[in-house]
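Following: one structure in structure tokens, then a few remarks.
The values are calculated or read from the model by the stated rules, or taken from the named source; none is laboratory data. Just so we're clear, the structure is a prediction, and the values are computed from it rather than from any experiment. A quick note on method: Cβ atoms are made from the backbone with ideal geometry, for glycine too, and the neighbour counts reach across all protein chains shown. Areas reflect the complete protein model, heavy atoms only, side chains present, ligands, DNA and RNA absent. Shrake-Rupley method; radii C 1.70, N 1.55, O 1.52, S 1.80 Å.
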Amino acid sequence: MHCDNEYESKALTVEAALKQILSETTLSLKTEQVKVEQSLHRVAAQDCKALINVPPHRNSAMDGYAFIAADIHFSSKHTRLKILGESLAGAPYNGPDIKAGECIRIMTGAVIPEEADTVIMVEDVEEQEGYAILQQPPQIGQHIRQAGEDIKAQAIAINKGKRISPADMGFLHACGIDTISVYKKPKVCFFTTGDELKKPGDTLNPGDIYDSNRLSLIGMLQEAYCDMHNLGIIPDNKHALRQAF
């Protein structure tokens, strides 16, 4: 049985229909500045450069003790280091310079004094009467994060065209960035048509069905993070359709 008819022979293919729609569609790529905390899933409109080094200073990757390992000769299993003070995150050590045979307590993220070159984690140290007893020889330079190790100041933190993720938001703030230029959301108006369409909760008369396609469209547009304008159900009426468009 041949099902072709005059209407179908004049119908556009999907490819031709898409080409015609795109040729008649103008997309405005306007931008706006938003706070980083409001930027989730927005698309960066320009490269974002770090304003500072991350981390901004040389710091400890562990809770432990900072000292000058290069000046210590580990002739035995245990080494005693005099504890001069401590360095906390947000409260750096401000005592006398560390010398050979001395150390300070240090917390994760705390600034390491300029003269110290090594950190040994607290689990490998026994503290006794103002001394840190190292249980094993450390490797020089261990457990130290250098300034700018994650990213240098003025390096690109987020590339243009990147969709901002939760991790990106945290990284932008770490880089000292409070606002970001993003593309404005595309505005999409949509509706479904048909005299037979009803909303859930309405009584279905013979031939009626519930409107389901519009909800699928809503879901897809939500996934695309569009600015949605839901025009509802439009009846099968030329004037009503023209008004909706």
Matching residues in region 153-173 - criterion: being more than 8 Å from the chain's Cα centre (by Cα), in a loop (DSSP other than H, G, I, E, B) and not charged (D, E, K, R): Ala153, Gln154, Ala155, Asn159, Gly161
Any residue at all in region 184-203 that's open to solvent by less than 40 Å² (accessible area, probe 1.4 Å), of a type in the set (Gly, Ala, Ser) and not in a strand (DSSP E or B)? yes
Residue under evaluation Asp208, criteria (1) at negative phi; (2) surrounded by 13 or more Cβ atoms within 10 Å (Cβ to Cβ); (3) out of contact with any Lys or Arg (no Cβ under 7 Å at 6 or more places or on another chain), criterion not met: (3)
State all residues of region 134-145 that are at pLDDT 95 or above and not in a loop (DSSP other than H, G, I, E, B); if no residue qualifies, say none. Ile144, Arg145
Any hit, region 197-207, residues being in contact with a helix residue (DSSP H, G or I) (Cβ under 8 Å, 6 or more places away or on another chain) and modelled with pLDDT of 90 or more: no
Would you mind listing the strands (runs of 3 or more DSSP E) fully within region 15-133 where at least 1 residues are touching a residue at least 60 places away in the same chain (Cβ under 8 Å) and surrounded by fewer than 17 Cβ atoms within 10 Å (Cβ to Cβ)? 31-35
Name the residues in region 146-172 that are open to solvent by 90 Å² or more (accessible area, probe 1.4 Å) and of a type in the set (Lys, Arg), would you? Lys152, Lys160, Arg163
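Please verify whether Gly148 is in a loop (DSSP other than H, G, I, E, B) and either closer than 30 Å to Gly219 by Cβ or of a type outside the set (A, V, I, L, M, F, W, C) (or both), treating the condition exactly as stated. Explain how you work it out, then say what you get.
Working: in a loop (DSSP other than H, G, I, E, B): yes; either closer than 30 Å to Gly219 by Cβ or of a type outside the set (A, V, I, L, M, F, W, C) (or both): yes.
When the stated conditions are applied, Gly148 passes them.
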